[in-house]
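Here is the structure we will look at.
The values are calculated or read from the model by the stated rules, or taken from the named source; none is laboratory data. Since we're looking at a predicted model, the values are computed, not measured. Don't worry about glycine lacking a Cβ; one is built from the backbone with ideal geometry, like all the others, and counts go over all protein chains shown. Accessible surface areas use protein heavy atoms only, side chains included; no ligands, DNA or RNA. Shrake-Rupley method; radii C 1.70, N 1.55, O 1.52, S 1.80 Å.
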Amino acid sequence: MERENWKRTIDALAAKWDISAAVTVWSGDEVLHDAVYGYADRAAKRPLREDQRYCFSITSELLLGLGALLLMEEGRLRPGDRLDRYLPEYRHAGRITVQNLFRRESGIPECISAQLIPKIAERGLDEHARIAGERACKAVPPSFEQALSWIGDKPLEYAPGTDCDYTDAEPLFMLRLLERAAGRPLFELLEERVFRPLGMTHTTAGAQPDCMPSARDAEQVLVPLPVPPDDYALTTTHADLCRLLGALQERAIVSERTWRQTLRYNRHGQGMGFEDVNGLVCTELEHPYGYQATLLFDRKAGGLRYAVTTNEAMLSRMAGGQWTSFRPELRTELQAAFTRPTAPKLVRYSAKNAMEAMAIELAPGQERFVSDARACIGWAYANRRSHRTYVLMDEGQVIGLLVLAIVPKEKRFEIADVLIDRRYQGRGYGKIMIGMGLEILKRYGAEELMLYCARDNIAAMRLYESVGFVPEALYSEVQRMRCRL
């Protein structure tokens, strides 16, 4: 896609979601898109600038993950260490590993949400005042010692490593663990080892933002908030975060060995400060008042990477059975444009891929010939004794959907539905997926297949011909085709 096309696509998404954010996209060293949208102060109609300063919490996922990376590189922290080596005062520390804690699978109970937030809710404030009060509690969280006094005697929510459920106590434990292992504040470690070497000259301790933050209420209305308190905060710019993103992708901060340890995801896609998001590595900085930066990159050096930095909590809506917003829509468009068949595989439809599979989109006009993904999945489920649903994946991305009818006792074998997401069409995925489906049918004993294709669906007929189907009989509206396996 040419830069002008990228501009049209991203500008349209920014307008659709009414964002206030800086957005930069690269392919290798080439900048494909770099723009700012919206407001530094929406009430004053003051537009966002490229050099705007944003505020984030020191307990953000990315900063805690970077601290762990650096200490692992120095041998002062190991993923398999038990927490009692660093936090012996915690009753359950001997049951939890460093990896459990940083992958958010520790089982440590809630802290702020259990102790402070209910007290604010009891005050009978209007919704916006309540949101401001709750965000203030999270912006200046309790100390580790205070958190420990609240939850120290409580049982774990679950056995460490058996679930993945974020709690607001875990970042406090991570921060104290890192600072004990490093022997100094986390910001000092990051400033010496990351910020200064990378030339991140606008990244400083404390809260000195020059754009106003906003949260959102239950109706998705923006709730303006004041300048954040200085505690637990750092200030940076989008440009500085872009430098950091490039260094992460190019492995310029730690060795490949340490990096591989960090990206050992659990079954929920969570690593130590980094997550797997549809095949991309994702990490975030955030602040309870609404500032957020999302950095995503391909694990391969030189591949796609992009950053979105905002001062306003982004609008989100329910669409197709799942919540979506500017960021997931941007990711979907970017990944689709860069994806070519690399390591495609056909897997069974499951809870792991269900939401992405149901979100597969038809190209304009295809609704004349095929049902949408949700209808195909629903019909296959209703006929689950005979129909099996498969999802085509490539490097963590959902590409297409294939429904096969398999009844060996009746020698009934059919290709019931074939869908390739509109963003991945024209790249050979349809042929690959049907070819894999034919191999499955052959294993169950199929010797030949027959199907009917709308006679004006020329693209589909060519696709079936490419995998061995031969036109056999032509009717007023459909073409009958046969394939001998």
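Could you tell me whether any residue of the range 400-412 is in contact (Cβ under 8 Å) with a residue 60 or more places away in the chain, touching a strand residue (DSSP E or B) at 6+ places or on another chain (Cβ under 7 Å), surrounded by fewer than 20 Cβ atoms within 10 Å (Cβ to Cβ) and within 26 Å of ALA363 (Cα to Cα)? Spell out the reasoning first.
Narrowing the range 400-412 to residues in contact (Cβ under 8 Å) with a residue 60 or more places away in the chain: none.
Checking the range 400-412: not a single residue is in contact (Cβ under 8 Å) with a residue 60 or more places away in the chain, touching a strand residue (DSSP E or B) at 6+ places or on another chain (Cβ under 7 Å), surrounded by fewer than 20 Cβ atoms within 10 Å (Cβ to Cβ) and within 26 Å of ALA363 (Cα to Cα).
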Checklist entry - Taking the condition in a strand (DSSP E or B) and surrounded by 15 or more Cβ atoms within 10 Å (Cβ to Cβ), does ARG305 pass? => result yes
Next on the checklist: Which residue is most open to solvent (accessible area, probe 1.4 Å), if the candidates are limited to the range 119-157 and must be under 27 Å from the mean Cα position of the chain (by Cα) and of a type outside the set (A, V, I, L, M)?
Outcome noted: GLU157
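Every residue, every condition in (1) modelled with pLDDT of 95 or more; (2) touching a Ser or Thr at 6+ places or on another chain (Cβ under 6 Å); (3) not in a helix (DSSP H, G or I), yes or no:
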residue: VAL36; (1), (2), (3): yes, no, yes
residue: ALA40; (1), (2), (3): yes, no, yes
residue: CYS55; (1), (2), (3): yes, yes, yes
residue: LEU62; (1), (2), (3): yes, yes, no
Checklist outcome for this item: Cβ pairs under 6 Å, 6+ apart or interchain, first in the range 324-335 and touching a residue at least 40 places away in the same chain (Cβ under 8 Å) and under 14 Å from ASP421 (Cα atoms), second in a helix (DSSP H, G or I) and of a type in the set (Ser, Thr, Tyr), ordered by first then second residue, are GLU333/THR9
Checklist entry - Is it the case that the range 334-349 has a residue that's surrounded by 14 or more Cβ atoms within 10 Å (Cβ to Cβ) and more than 15 Å from MET393 (Cα to Cα)? => result yes
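When the residues of the range 437-454 are filtered to those that are open to solvent by less than 50 Å² (accessible area, probe 1.4 Å) and closer than 24 Å to THR342 by Cα, which remaining residue is nearest to the chain's Cα centre (by Cα)? Even if it seems obvious, please write down each step before you answer.
If we filter the range 437-454 for residues that are open to solvent by less than 50 Å² (accessible area, probe 1.4 Å), which is where we start, we get 437-438, 440-441, 445-446, 449, 451, 453-454.
Going one step further and asking which of them are closer than 24 Å to THR342 by Cα, we end up with 437-438, 440-441.
Numbers: GLY437: 29, LEU438: 33, ILE440: 31, LEU441: 34 Å.
Filtering the range 437-454 for residues that are open to solvent by less than 50 Å² (accessible area, probe 1.4 Å) and closer than 24 Å to THR342 by Cα, the one nearest to the chain's Cα centre (by Cα) comes out as GLY437.
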Checklist entry - Do we find a residue being in contact (Cβ under 8 Å) with a residue 24 or more places away in the chain and assigned to a strand (DSSP E or B) anywhere in the range 2-19? => result no
Checklist entry - Do we find that TYR289 is closer than 23 Å to ALA233 by Cβ and open to solvent by 10 Å² or more (accessible area, probe 1.4 Å) in this structure? => result yes
Next on the checklist: I'd like to check something: does the range 224-239 contain any residue that is buried (at least 23 other Cβ atoms within 10 Å of the Cβ), assigned to a helix (DSSP H, G or I) and not charged (D, E, K, R)?
Outcome noted: yes
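Would you call TYR424 under 21 Å from ASN278 (Cα atoms) and among the hydroxyl-bearing types (Ser, Thr, Tyr)? Outline the logic, then answer.
On the way: under 21 Å from ASN278 (Cα atoms): yes; among the hydroxyl-bearing types (Ser, Thr, Tyr): yes.
Answer is yes for this residue.
Test LEU125 against the stated conditions and say whether it is in a loop (DSSP other than H, G, I, E, B), under 21 Å from PRO228 (Cα atoms) and either of a type outside the set (S, T, N, Q) or in contact with a helix residue (DSSP H, G or I) (Cβ under 8 Å, 6 or more places away or on another chain) (or both). Explain how you work it out, then say what you get.
Working: in a loop (DSSP other than H, G, I, E, B): yes; under 21 Å from PRO228 (Cα atoms): yes; either of a type outside the set (S, T, N, Q) or in contact with a helix residue (DSSP H, G or I) (Cβ under 8 Å, 6 or more places away or on another chain) (or both): yes.
Taking the combined requirement at face value, the residue satisfies it.
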